[in-house]
Each structure stands twice: as structure tokens, then as C-alpha cells.
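Worksheet: one structure, shown below.
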Amino acid sequence: MFGIMSCRVKLSFIYKNKAWLTSIKNLEKLSKRVCCETFKMVGVKQLKGMEINVLLTGDKEIQEFNKNYRGKNKPTNVLSFETGDELLLGDIVMSLATLKKEAGLQHISLENHYAHLLCHGILHLLGFDHIDDEEAREMEFFEIKILESMGISNPYEE
């Protein structure tokens, strides 16, 4: 059995939007589970001292990141910034307003949508991408399997 305690990756959280604190019950525990399942499913060895920073913010701040780093002047749900370092894997930025809006439109819980997008962000930090169709299929395959292992439905099925 793969337990949360056996996960060696440290997640550090910065709550820029305090609404995150009450929007998802046990957010940090859920996040740790997503992280552990992601590493397990893709078979990436966890090294002592591995760390991921998670910035939980709102639309205004994530729009600035999206504009400055991707040239897209609009809010988005999640951004990942990999470092290329084997221990400090990178940063994930998420917007609560966009996640809430998307979860409502998709008729899914905010917790499940958050889990999906955190998984997506971690996969990016591990070198996965979705630039072409083949890469996208591989990334989606892992997302579906990881979420399934947590009892969360396929996010790509309507």
C-alpha cells in the first residue's frame, strides 16, 4: 500500500488569496496525496529534499504571470514553472476564481478539479507536456490513471 507518509516530496504553500483556506477542505492533505500518486504512477524516483512550491492566488495575479511568461493577457487555471533542478522541481500557480468557474461549468466538485489541475501541474514539472497530440495523449493517460487511483472520474469524459 502506498501511503501519504511514504511520499518524500515536500509541498510548500503560499496563500495569496485567503479564500483558498476555506474553499477546499484538507487542501494540503489532498495535495500531498495527488503528489504521491503522480510520482508513483509515472515511476519517478523521489529523492530526499525534493520540493514543489504551490502559489494559490486569484485571477488578477495569475493573469500577470500568464501575460509575462506566456504572452497571454488573460487569467488561466494553472501554470507550472519547472526549474530543471532535480530537487527544487519548480512552482505551480493556481487561480481559485478560474477553478471555481470551470468546476461549475463542468458540474464537478472544486476538490476534484483542483486535484486534476495540481496533477497536471506536477506532470509538467516532471517533464510532461501537451504541445503535440502524442504528448497530450500521454499526459491525459497519466492524469486519468492518477485520478482514477484516487477515486476521481475521468476529467475528459462529459
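Just to be sure I understand: of the beta bridges DSSP finds with both ends in the stretch 42-158, what percent are antiparallel, rounded to 5?
Working: 5 of 12 bridges.
Percentage antiparallel, nearest 5: 40.
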Q) What are the residues whose amide H is under 5 Å from the amide H of Phe13, where those residues sit 5 or more places off or on another chain and H is modelled from the backbone? A) Val54
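How big is the dipole moment of the chain about its Cα centre under a simple scheme where the beta carbon of each Lys and Arg is +1, that of each Asp and Glu is -1, and everything else is neutral? Debye, nearest 20, please. Show your work: numbers first, answer last.
Numbers: 20 positive and 23 negative charges, 174 e Å.
That gives a dipole near 840 debye.
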Q) Using a Gaussian network model of the chain with C-alpha springs under 10 Å, which one of Asp59, Asp133, Asp91 is most mobile by mean-square fluctuation? A) Asp133
Q: Find which of Asn73, Thr38, Met94 sits farthest along the positive direction of the dipole of the stretch 1-143, computed with +1 on the beta-carbon of Lys and Arg, -1 on that of Asp and Glu, about the Cα centre.
A: Met94
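Considering only Cα-Cα distances, which of the following residue pairs are longer than 31 Å: Lys10/Lys101; Lys45/Lys100; Lys25/Lys48; Lys29/Lys101?
Values: Lys10/Lys101 29 Å; Lys45/Lys100 33 Å; Lys25/Lys48 28 Å; Lys29/Lys101 23 Å.
In this structure, Lys45/Lys100 lie more than 31 Å apart at Cα.
Please list the equivalent ellipsoid semi-axes of the chain, computed as the square roots of five times the alpha-carbon gyration tensor eigenvalues, in descending order and whole angstrom. Walk me through the numbers on the way to the answer.
On the way: eigenvalues 92, 65, 60 Å².
Semi-axis lengths for the chain are 21, 18, 17 Å.
For a test of the definition: using alpha carbon positions, the gyration tensor, and the 1.5 limit on a/c, classify the stretch 1-61 as rounded, prolate or oblate. Could you put the intermediate results ahead of the total?
Numbers: a/c = 2.60, a/b = 1.90, b/c = 1.36.
The shape class here is prolate.
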(Q) What is the percent carbon and sulfur in the accessible area of the chain, measuring with a 1.4 Å probe over the protein chains and ignoring ligands? (A) 50 percent
(Q) Give me the extension gain from Lys145 to Ile131: residue separation times 0.36 nm, minus the current Cα-Cα distance, reported in nm with one decimal. (A) 3.0 nm
Q | Inter-label distance for Glu51 and Glu28, nm, one decimal - labels placed 7 Å from Cα along Cα-to-Cβ | A | 1.5 nm
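At 1.4 Å probe radius, can you tell me the per residue accessible area of the chain in Å²? Could you put the intermediate results ahead of the total?
On the way: 8880 Å² over 158 residues.
With all protein chains present, the chain gives 56 Å² per residue.
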Q. Do any cysteines of the chain lack a neighbour Cys whose Cβ is under 4.7 Å away, and which are they?
A. Cys35, Cys119
Q: Tell me the label-point distance for the pair Glu138, Tyr69, using the 7 Å Cα-to-Cβ offset, in nm and rounded to one decimal.
A: 2.2 nm
Q.
Which chymotrypsin sites (Phe, Trp or Tyr not before Pro) in the stretch 84-158 sit in a loop by DSSP (not H, G, I, E or B) and have at most 15 other Cβ atoms within 10 Å of their own Cβ?
A. Tyr156
Q: First check a/c for the stretch 21-94, with a ≥ b ≥ c the square roots of the eigenvalues of its C-alpha gyration tensor; if it is under 1.5, answer rounded, and if not, answer prolate when a/b is larger than b/c or oblate otherwise.
A: oblate
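The values are calculated or read from the model by the stated rules, or taken from the named source; none is laboratory data. From a predicted model like this one, the values you see are computed outputs, not experimental measurements. Cβ atoms come from the backbone with ideal geometry, glycine included; neighbour counts cover every protein chain shown. Heavy atoms of the whole protein, side chains included, go into the accessibility calculation; ligands, DNA and RNA do not. Shrake-Rupley method; radii C 1.70, N 1.55, O 1.52, S 1.80 Å.
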